[in-house]
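Okay, so here's the structure we're looking at.
The values are calculated or read from the model by the stated rules, or taken from the named source; none is laboratory data. Since we're looking at a predicted model, the values are computed, not measured. Neighbour counts are summed over all protein chains in view; Cβ atoms, including those assigned to glycine, are modelled from backbone coordinates with ideal geometry. Accessible surface areas use protein heavy atoms only, side chains included; no ligands, DNA or RNA. Shrake-Rupley method; radii C 1.70, N 1.55, O 1.52, S 1.80 Å.
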Amino acid sequence: MARFDIGGVPLEVPEGFLTPKIAAKLASGGYERSEARAARMRVKPGLRVLELGGGVGYISSICAQITDPANILTLEANPNTLEVIRHNLDLNGATEAQLVHGAVVGPDFEEQTLLFRAAPAFWGSAVAEMGAAEEDLVEVPAIRLTDLFARHRPHVVILDVEGAEQYLFSRRWPRHVRQVIMELHPAKYDNSAIQTMVDCMSKSGLTYDPGCSNGSLIGFRRVKPR
């Protein structure tokens, strides 16, 4: 087990999950730097946070330093990383944070499960695409975003789901969502998909947030009535 400390957040990651490049990022503090900065800027005490794509528990651990850990729900599809996320949440005193196994899907997805490509390296995992090797595929629960909204009523949504975000913007998001922090994956879809996502945020009363955006990380904030 390799141990790292990123800005006061201790993390422990199995050696088999790491490559020299990702280990160097963890050691230098460069791992998920933009996401960490955005979370520290926009998560406030008392806010409920929904994280889609838990990684190794780093971002949710940061959120637990700001808001009550019981206000945090992290959804992770990769069954191989669930114990790592739980361990790192507990390591950071966030034992009350909720961790749920499943892949987020849009409101119109009809199946109860879907195939997920659980790559050996945790950051390379994603919803299975055509041609994926069968030995990497696992069946995971499909959890609709609308059900997560109803269950947790988050104020802040943080998502990094390796391209699956393109399926989550077919309907307006509820008014209790005040802030969205999202990693785009433009190599996995065209500009029309990005336009759909941005248009959905606008129709939902959320506007571009330049303060926490950086490169492919894009933020949205709820527009206050005039």
_I want to check the label-to-label distance for Met1 and Ala187. Put each point 7 Å from Cα in the C-beta direction and report it in nm to one decimal._
3.2
*Give the accessible surface of the chain per residue, rounded to a whole number of Å², with probe radius 1.4 Å and ligands, DNA and RNA excluded.*
48
*asked:* Once you keep just the Cα pairs under 8 angstrom separated by 6 or more residues, what percentage relative contact order results for the chain?
replied: 17
_If I compute solvent accessible area with a 1.4 Å probe over the protein chains, what percent of it on the chain is carbon and sulfur?_
50
*So how far apart, in nm, are the two label points at Asp108 and Glu96 if each is 7 Å from Cα heading toward Cβ?*
4.0
*How far apart, in nm, are the 7 Å Cα→Cβ label points at Val223 and Asn80?*
4.4
*Which residue, Val49, Val156, Val138, has the most motion in a Gaussian network model of the chain that connects Cα atoms within less than 10 Å?*
Val138
*Per Stokes-Einstein, at 4 °C and 1.567 mPa s, what whole-number D in µm² s⁻¹ belongs to the chain, with the Kirkwood radius over Cα pairs as the hydrodynamic radius?*
73
*Anchor Lys44: lysines whose Cα lies under 26 Å away (excluding residues fewer than 8 positions away in-chain)*: Lys203, Lys224
*Within the chain, longest stretch clear of exposed GluC sites (Glu not before Pro) (DSSP loop, no more than 13 other Cβ within 10 Å)*: 130-226
